[in-house]
Amino acid sequence: MEGDIKFEIGLTVYKTSGDNGWSITGNAKRALTVKEFDSAYDFEEFIQSRIDCNGVEFDSEFCQFFAYTKTQERAIKFAEDIEKYFEKVRKMLE
């Protein structure tokens, strides 16, 4: 999609068609998460326990992570927070 914002971790933020929301979707790269997730449900559950999810709704499917926000700013911040969390984990493991 035009205007997609891609994040190194494997997530993409884009304007949801048909309404005023924003989507965060994708599959996190194991090399950057340092953890293998059996499904997008497992990734979602992991994120919910470690990242501020205020203003974020989830609707993942087994094979792909999906989250929604009302604003682009919140969607970008959420994806950035996920990347920062896993960056901190990688640094702790060095």
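With the chain as the region, which helices (runs of 4 or more DSSP H) entirely inside it contain at least 2 residues that are β-branched (Val, Ile, Thr)?
Details: elements: 30-33, 40-48, 72-93.
Per the criteria, 72-93.
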Just checking, does the stretch 52-71 include any residue being surrounded by fewer than 19 Cβ atoms within 10 Å (Cβ to Cβ), within 26 Å of LYS91 (Cα to Cα) and either touching a residue at least 12 places away in the same chain (Cβ under 8 Å) or of a type in the set (D, E, K, R) (or both)? yes
Across the stretch 40-56, what is the number of residues that are out of contact with any helix residue (DSSP H, G or I) (no Cβ under 9 Å at 6 or more places or on another chain) and not hydroxyl-bearing (Ser, Thr, Tyr)? 5
Go over the candidates LYS35, LYS88, LYS77 one by one and state the one that is of a type in the set (Lys, Arg), more than 9 Å from the chain's Cα centre (by Cα) and surrounded by 14 or more Cβ atoms within 10 Å (Cβ to Cβ). LYS77
Quick one: in the stretch 1-21, which of the residues that are at pLDDT 95 or above, open to solvent by less than 40 Å² (accessible area, probe 1.4 Å) and under 20 Å from GLU73 (Cβ atoms) is nearest to the chain's Cα centre (by Cα)? LEU11
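The values are calculated or read from the model by the stated rules, or taken from the named source; none is laboratory data. Since we're looking at a predicted model, the values are computed, not measured. Heads up, the Cβs are rebuilt from the backbone with ideal geometry, glycines too, and the neighbour counts pull from every protein chain shown. Quick note on the areas: whole protein, heavy atoms, side chains included, nothing else; ligands and nucleic acids left out. Shrake-Rupley method; radii C 1.70, N 1.55, O 1.52, S 1.80 Å.
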